[in-house]
Amino acid sequence: MDFTYTETQDMIRDTLSRFLSDTYDFDTRQKFINSDSGRDPAIWAALAQELGMLGAAFDENHGGLGGGALENAIVMEELGKVIGIEPYLPTVVIAGGALKAVGGAQADAMIPEIIAGNAIIAFAYAEPQGRYDLANLRTTAKKDGAGYVLNGHKGVVYAAPWATHLLVTARTGGATRDREGVSLFLIDANLPGIVRRDYPTVDGSRASEIYFENVAIPGDALLGGEGTGLPLIEQIVDEATIAVCAEATGVMQKLHEGTLEYTQQRKQFGVPIAKFQVLQHRMVDMFMEVEQARSMTIMGVLKLGLPANERMAAVSAAKAKVARGANFVGQNAIQTHGGIGITQELAIGHYFKRATMIESQFGSHDYHMDRYERIVLAD
Amino acid sequence: MDMEFSPEDLAFQQEVRDFIAENYPAELREKQDEGEEMSKEDFLVWHKILHKKGWIAPAWPVEYGGTGWTPTQRFIWSEETARADCIRLMPFGLAMVGPVIYTFGTPEQKAHFLPRILSGEDWWCQGYSEPGSGSDLASLRTTAVRDGDDYIVNGQKTWTTLAQHADWGFFLVRTDKDAKQQEGISFLLIDMKSPGITVRPIITLGGEHEVNEVWLEDVRVPVSQRVYEENKGWTCAKFLLAHERTGIAGVAASKRGIEKVKAIARTEVDGDKPLLANAFFKRKVAELEVDLAALEFTELRSLAGANAGRGPGPESSLLKIKGSEIQQRLTELSLEAVGHYGAPYFRGFGEGDNEHPIGPDYAHRAAPTYFNMRKTTIYGGSNEIQRNIIAKMVLGL
């Protein structure tokens, strides 16, 4: 049993933290998220080429640093601290995770492209009717000669406007909610028949509604087995869920620190409002939520490698706890700031918006409590 | 970072399991299962078995009788003893005054008291709180006035846990009335059989005689029984409070507690299903498990920090707050689970009383335990005081 970070892990954290504090201050972020493209491609390029950060979680034989889920968590927590909109989650954690799991020629071809910063991959999995059920899919991929033809509508695909590739879940068989018949495809984002409607998200990123209209895709776009993709999808979504828990920890830490700082400056009744015990105790409660989010993230990271049921129970416990904590810390950060908290002027409100979206990303508190109970407290 | 046990750790875990299985007294187990109140002898029988084995004080340095276990081994030990539902060891000697004596005591004090704590020969109690000094402990008014080689002690202590069994007590007393509150306090070891000491029971909500008032009237205490310097007792007290908080998360015991609640909720019937199938009850159990996992990994992180020479710091207040809240929620769920049979008041078996008490065994102590455990958010520095500590020491407010 060992709860310490290695020197390499400390180095990854320090390097990234320094880079982001130099390049990702709040005003700069606001400038590029409000630009036409919604991002600054130079940052992604620097993360890849100057810092080698996009390889932190990949094997050495693909050109990475040999890390895994813990390295992903470190990167995501640091991105959370600056409410970074860089597409690390879909590209490295999710698509990278799927490629690591399937291995072979597909991994050999794509992973070096990810590490080099050339590939940005969006994860097109959610559908308007599906809520958080990964198997609730109407998008179909019909066999057509050596390839497939893709039809359907994917909703709220974060980072899709920037993507070179899409990771798509679709039915190759079965009915809308069957566990069987689900497949995973990695396709070029610009194939004929892919129609996107792009938009900004409330938390500063960009996303798209994606319509597949008879999109012809090659046979080697299939990742894993045809019709047996759900366990792999569940695994990578669990990995992604823990990664957003890590991001949430960074976001929550900043919400807490920002509140501490503000209450020491803001004076009412002739004293800094931090002198009031009612606010002190609330900020202690926020602190405890931040610490517990960090603990649950580590728990999740350490249990990602367990058999599916244990893994899912641990991930759901972590996400349920972090969702509640993000809600508590976010709402109380705004409340403690008072009027200024509900404006766009301070960073605090923007952290709150990201924290709020994280609450339900990959499943709300209720969804994860239900999943936890189905596994751990079955009748 | 990993959660694997090494082959040595797994062998140790097996050794601990075997030892408990072979040596835990069957009569004690039976009494626990019936929900009876424990006597002094009940507490001591397991203590003495562990002492004989050399496992009574895993947290102590080896030179004073510790086991020399690694932090992982100590983690395994607390997990296994909780899993097997072993009776808890009294903390007053082992976890409280013992560490104060080996940290601040004279060679004579160490040589005399430490072996007797380990063997269970001396039962200790804690003389801290006073009627007017609860959360504001430093305002205490019990006085110790020098008279030759003795102090003459006068005052009143309260909430003194199991003082009715105690051979010795460690007391905070005021030795300088003129100094700033925290600078005029000394730490005395007092023989509870000394003339002038009166112990009076306080009966708590569950009907237990667990705490007492202790009156001290012209009690003569040799100066050689003062630990550390005169007027420096607050240093010992602070050390002890931090020490007390490290184990206070109670993770292993709460894990066992959740298993018990689940067992009750699988037995109790709600409509045509077990209570555990009731969506509302089940959700409360699940939330508790999730919160306990968060507490467990916070404690594991804190232990890793302690191993790296950082802690246990003021963040251990977090473990106290969350640990005590979870302990209380557990007892609340147990009481909710037993339904009607929370009400019958079981006073233990009288002399020659063979009649089975009312209701299922698991219900006998549900309400008394719920009432009793309200103490956890009050003692050891109330949870409000813990929040003050975090605000000041961690958040810098």
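No value in this document is a laboratory result; all are computed from the given coordinates. The structure presented is a predicted model; accordingly, all values stated were derived computationally and were not measured. Here the Cβ positions follow ideal geometry from the backbone for every residue, glycine too, while neighbour counts run over all protein chains shown.
Table for the structure above
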| quantity | calculated |
| --- | --- |
| The stretch A:197-215-the stretch A:150-182 distance, computed between alpha-carbon centres (Å) | 13 Å |
| Only Lys, Arg (+1) and Asp, Glu (-1) charged, at Cβ; the protein assembly as shown dipole about Cα centre in debye | 1600 debye |
| Principal-axis tilt of helix B:71-83 within chain B, Cα atoms, nearest 10 degrees | 60 degrees |
| Shielding by other protein chains, B:291-301, mean Cβ within 10 Å | 6 |
| Ratio Rg/Rh [Cα only; Rh per Kirkwood] for chain B | 0.97 |
| Percentage relative contact order, the stretch B:248-394, counting C-alpha pairs under 8 Å, at least six apart | 28 percent |
| Residues listed by number, the stretch A:198-219, amide nitrogen under 12 Å from A:ASP188 label point at 7 Å toward C-beta | A:216-218 |
| Within chain A, helix-based [θ] at 222 nm, where runs of 4 or more DSSP H residues each add -39,500 (n - 2.57), nearest 500 | -16500 deg cm²/dmol |
| Total charge dipole magnitude, chain B, about the Cα centre, Cβ charges on Lys, Arg, Asp, Glu only, Debye to nearest 20 | 1020 debye |
| Pairs from B:LYS238/B:LYS392; A:LYS321/B:LYS260; A:LYS31/A:LYS154 whose Cα-Cα separation, in the structure shown, is over 21 Å | A:LYS321/B:LYS260; A:LYS31/A:LYS154 |
| Separation between Cα centres of the stretch A:118-138 and the stretch B:175-241, rounded to whole Å | 66 Å |
| Cα-based Rg and Dmax for the protein assembly as shown, where Dmax is the largest Cα-Cα distance (Å) | 30.2, 105 |
| Neighbour-count order for B:GLU183, A:GLU247, fewest beta carbons within 10 angstrom listed first | B:GLU183, A:GLU247 |
| Which of A:LYS142, B:LYS375 has the fewest Cβ neighbours within 10 Å, and the rest in rising order | A:LYS142, B:LYS375 |
| Sum of -39500 (n - 2.57) over DSSP H runs of 4+, divided by residues of chain B (222 nm, nearest 500) | -14000 deg cm²/dmol |
| Highest average packing first - A:1-11, B:185-195, Cβ atoms within 10 Å | B:185-195, A:1-11 |
| Furthest towards positive pole of dipole, B:ILE87, B:GLY54, B:LEU10, structure part the stretch B:7-89, Cβ charges | B:GLY54 |
| For the stretch B:49-83 versus the stretch B:110-155, the gap between their alpha-carbon centres in whole angstrom | 27 Å |
| Estimated distance in nm for a label pair at A:ASN309 and A:GLU50, the labels positioned 7 Å out from Cα along Cα-to-Cβ | 5.0 nm |
| Sorted by Cβ density within 10 Å, fewest first, the residues A:ARG179, A:ARG39 | A:ARG179, A:ARG39 |
| Positive dipole terminus of the stretch A:72-168, leading residue within A:THR139, A:TYR158, A:ALA98 (C-beta point charges) | A:THR139 |
| Farthest positive-ward along the protein assembly as shown dipole, Cα basis, beta-carbon charges - from A:ALA73, A:ILE33, A:MET1 | A:ILE33 |
| Cα centre as origin, Lys/Arg/Asp/Glu Cβ charges: the stretch B:191-239 dipole, Debye | 160 debye |
| Candidate lysines for bridging to B:LYS40, where Cα separation is under 18 Å - those fewer than 8 sequence places away on the same chain excluded | B:LYS31, B:LYS48, B:LYS193 |
| Ordering of A:286-294, A:116-124, A:253-261 by packing [mean C-beta count within 10 Å, highest first] | A:286-294, A:116-124, A:253-261 |
